[in-house]
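The structure appears below as structure tokens.
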Amino acid sequence: MIISPKIRGFICTTAHPDGCEAHVRQQVEYVQKQPPIEDCPKKVLVIGSSTGYGLASRIVPAFAGQADTLGVFFERQPNDRKSGSSGWYNSAAFESMAKDQGLYARSINGDAFSKEIKDQAIKEIKESMGQVDCVIYSLASPRRQDPDTGDIYKSCLKPIGTTYTQKTVNTDKAEVEEITIEPANEDEINQTVKVMGGEDWELWMNALSEAGVLAPSITTLAYSYIGPELTWSVYKDGTIGRAKIHLEESCRRINEKLASLEGRAFVSVNKAVVTQASSAIPVVPLYISVLFKKMKEEGIHEDCIEQIHRLFSDRLMSDPKLDSSNRIRIDDWEMREDIQQSVADTWENINTENLKELSDFEGYQKDFLKLFGFGLDGVNYDAETDPLREIDLVD
Ligand code: NAD
């Protein structure tokens, strides 16, 4: 089958297996070139492990610390007529590279919000890993089914209290436009908290703890974002921001519960990167394009893998350097005053005519295609490729 990108707004409905493999290999090679991480976790459960920050959080302990990893994700399996999702191909490539290094690497494909998937993970940890010493929670989902009531909640990306108008980029047309988003109502806020807040992270940690599969000194992490003032209405102070406040409250509760194991729970505030989740947020793709240009000029640009490597090596395994709200801040370079001042100045002037000159929109588009395995060097996109790739799924 010849697989080409089919883009619909902020989604690409196809993915290239060889391109995804090349993308995973680039990340693995980056980690292999860095010094090994001292005291890296050795048995890691990653929830949301197939793309973005979760995939990087699986690659780093495996290739910088020879960790065994169990991954949980929700991805589309390929068949001989239709390509799988990129997360499927990423996971297949990761497993094969990890196994070549003699590492345990298995995966669970299903709804992480459900009780069944939690039970499946616990059973597999007992049978194959004994216990885990690190749990990464990196889900980004538009919906969640409550495991007790069966009710379905949907998240939304809206401001709270006031209407928000801001510049954004129409990624199909490469045009800077204005977007206006009406504020969320109370129900939309609550539903977003249900999906993207910390309730499910707590349920995971409770279930793992009760099953006795958390090792002493367990570390658990979930990810958040703050970003610049120009996005606050739709992010930090919007519906998703409310969910992240809930995540931080959950972190405090998890920390208390882990005290008997001398365990630690952290929320890490990460930098803005191009992922399937971030490309769906209004305004953020334009902000990322402007930010990347400046960070690249300053030689401090990072993608998921560089961020997570720095998180594990400079924060998690040494001094976490928590902020006043007890969060790890690996967004420190993004939030540097000179970087943010430059972004704010550019933001004032950016328009469709100067988009490519004032921002790294081209880099944004390339990164977006890479998420689906397109535009990778060394991959022949005109050649037939087999869409079927095996994953060692836990059954
Ligand atoms: P992503 O879209 O790349 O990854 C989402 C992951 O969740 C995938 O592995 C997917 O399979 C999995 N998933 C979704 N629904 C699932 C379900 N029901 N069951 C099992 N797996 C499911 O997202 P990302 O951008 O890497 O985001 C991960 C976390 O990082 C989020 O909490 C996000 O807020 C945070 N974060 C992202 C950015 C950014 O710029 N992308 C910045 C800071 C923090």
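Some values worked out for this structure:
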read-out: Selected residue (only one of Asp200, Asp172 is surrounded by fewer than 14 Cβ atoms within 10 Å (Cβ to Cβ) and either in contact with a Gly (Cβ under 8 Å, 6 or more places away or on another chain) or closer than 19 Å to Tyr223 by Cβ (or both)); value: Asp172
read-out: Any hit, the range 150-158, residues being loosely packed, with under 13 Cβ neighbours inside 10 Å, more than 22 Å from the chain's Cα centre (by Cα) and within 30 Å of Ile7 (Cβ to Cβ); value: yes
read-out: Spans of helices (runs of 4 or more DSSP H) in the range 187-282 with at least 3 residues within 13 Å of the ligand (Cβ to nearest atom) and in contact with a Phe, Trp or Tyr (Cβ under 9 Å, 6 or more places away or on another chain); value: 199-210, 239-258
read-out: The listed residue being modelled with pLDDT of 95 or more and away from the ligand (no atom under 12 Å from the Cβ), out of Arg58, Arg144, Arg106, Arg76; value: Arg106
read-out: Number of positions in the range 229-281 that are in contact with a strand residue (DSSP E or B) (Cβ under 9 Å, 6 or more places away or on another chain), among the hydroxyl-bearing types (Ser, Thr, Tyr) and buried (at least 21 other Cβ atoms within 10 Å of the Cβ); value: 4
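For (1) touching a Leu at 6+ places or on another chain (Cβ under 6 Å); (2) touching a residue at least 12 places away in the same chain (Cβ under 8 Å); (3) surrounded by fewer than 16 Cβ atoms within 10 Å (Cβ to Cβ), each residue gets a yes or a no:
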{"position": "Leu70", "(1), (2), (3)": "yes, yes, no"}
{"position": "Phe74", "(1), (2), (3)": "no, yes, no"}
{"position": "Lys82", "(1), (2), (3)": "no, yes, yes"}
{"position": "Tyr89", "(1), (2), (3)": "no, yes, no"}
{"position": "Phe94", "(1), (2), (3)": "no, yes, no"}
{"position": "Lys118", "(1), (2), (3)": "no, yes, no"}
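The values are calculated or read from the model by the stated rules, or taken from the named source; none is laboratory data. Remember, it's a predicted structure, so these values are computed and weren't measured experimentally. For neighbour counting, all protein chains shown are included, and Cβ atoms are generated from backbone atoms with ideal geometry for every residue, glycine included.
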